[in-house]
Amino acid sequence: MSIFEKRRKKLMEIMEQKGICAAVFTPSTDYRYLTGSARQPAQRITALILTQDHQRLLLPGFEAGNEKALAEELELVPYSDLEDAAQLTAGLLPTKGCAAAGREMRAGFLLALLKLTGGLHWCDADTLMTPVRRRKDPEEIRIIEEAQHMAEQALWKLIQEPLAGRTERETASKLMELRLAEGFDAVGAGIVASGPNTALPHHINGDRIITRGDILMFDIGGTYKGYHADLTRTFAVGAVPDGFSEIYSIVLKAHMAGKEAAQAGIPAAQADQKAREVIENAGYGPFFTHRLGHGIGLDVHEEPFITSTSQLPLETGNVFSCEPGIYLPGRFGVRIEDLLVMEETGARSLNRLSKELLVI
């Protein structure tokens with residue numbers, strides 16, 4: 001039995017427990033989690049249809065030959081351009097009960113299903129999928145950890161080069177090349193913020209030229225085998241500006257406090273609060289403007305979310321970021337981000353790159 005068959009079997013057990021008679025997923029990260037297929041949403045509908053009696057894959061007939069692996073696990077239901085995918089899907093569903101719709105389903109397709117399935121009431125499949133996907137299996141953790149190391153290696157290679165004189169966009173472009181060379185399937189520009197731009201947590205890369213004495217922040221990731229990397233490091237370029245060492249030290253202390261506080265069984269809020277206390281006690285509470293972290297996997301942001309209000313208990317197998325920051329408008333910002341995996345003995349970092357203050 002493949003890992004994807006096991007996942008669908010577990011999902012169907014949860015469906016039975018919750019009294020859900022069917023679930024429909026169109027191409028999305030949920031679809032990939034359940035099938036292993038990286039198929040993307042398209043004009044023609046593809047739908048994984050799960051009921052207690054059947055596991056079917058509805059798809060355009062001329063694409064059925066692309067799914068030989070899935071044909072060994074699922075009943076393929078090909079259709080032609082003369083047929084209506086919504087009507088066909090409705091005909092494969094029970095006539096009454098509760099059906100779950102994948103959260104990334106196109107609105108037009110879902111609205112058509114609602115009209116065609118009057119005896120069903122529909123719910124959000126997140127209630128099924130989120131608890132399952134939140135706990136990563138060893139292979140998922142291995143892939144994410146490998147992706148983290150690839151991103152770190154690319155960043156390390158970049159900072160061996162002289163960066164003063166380059167623009168943020170030029171630097172981001174080079175870092176994209178380096179990450180792809182490390183083996184990522186896809187990468188985005190990420191965040192390359194310099195000087196006062198580092199005080200913007202989600203800065204948009206621009207044409208500012210990096211100069212000696214700047215603070216330089218990188219927030220980067222990439223997709224590898226469907227899973228995401230995510231890390232942030234903040235450096236000084238050539239020289240450390242006044243006040244930077246103090247702020248960096250506070251953020252690093254907060255990062256370590258959040259990591260140490262993260263234990264299986266505690267509410268996620270406790271990790272956020274412990275990190276936030278460090279920054280608040282140093283007098284910079286108003287300048288830590290976002291949550292401590294977020295879960296990561298097939299989506300770059302997924303549960304568990306590490307916020308000051310989340311009472312969701314952390315579980316072994318959770319993978320999430322720990323990324324406190326202090327952002328001083330007009331001056332500079334500091335953020336330090338690792339990915340952590342929750343183990344029975346506590347949170348383990350998936351990063352190797354130093355978090356100590358580096359002058360590059």
*Mind checking whether some residue in the range 27-42 is among the β-branched types (Val, Ile, Thr) and either more than 19 Å from ASP126 (Cα to Cα) or not in a helix (DSSP H, G or I) (or both)?*
no
_Out of the residues in the range 11-43 meeting the condition of being over 19 Å from the mean Cα position of the chain (by Cα), open to solvent by 60 Å² or more (accessible area, probe 1.4 Å) and at pLDDT 95 or above, tell me which one is nearest to TYR224 (Cα to Cα)._
GLU13
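For residues in the range 318-360 being among the aromatic types (Phe, Trp, Tyr) and in contact (Cβ under 8 Å) with a residue 60 or more places away in the chain, which is nearest to ILE306 (Cα to Cα)? Spell out the reasoning first.
Within the range 318-360, the subset among the aromatic types (Phe, Trp, Tyr) is 320, 327, 332.
Now drop any that are not in contact (Cβ under 8 Å) with a residue 60 or more places away in the chain, which leaves 327, 332.
On the way: TYR327: 19, PHE332: 24 Å.
Across the range 318-360, the extreme among qualifying residues is TYR327.
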*Could you pull out every one of the strands (runs of 3 or more DSSP E) wholly within the range 307-355 that has 2 or more residues that are under 16 Å from the mean Cα position of the chain (by Cα) and crowded, with 16+ Cβ neighbours inside 10 Å?*
319-322, 338-343
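Look at the range 216-244 and say how many of its residues are acidic (Asp, Glu) and part of a strand (DSSP E or B).
Going residue by residue through the range 216-244, those that are acidic (Asp, Glu) are 219, 230, 242.
With part of a strand (DSSP E or B) added as a condition, the list becomes 219, 230.
Summing the residues that are acidic (Asp, Glu) and part of a strand (DSSP E or B) in the range 216-244 gives 2.
The values are calculated or read from the model by the stated rules, or taken from the named source; none is laboratory data. Values in this document were obtained by computation on a predicted structure and should not be read as measured data. Because the Cβ atoms are built from the backbone with ideal geometry, glycine has one as well, and the counts that use them run over all protein chains shown. To get the accessible areas, we keep the full protein, side chains included, count just its heavy atoms, and leave off ligands, DNA and RNA. Shrake-Rupley method; radii C 1.70, N 1.55, O 1.52, S 1.80 Å.
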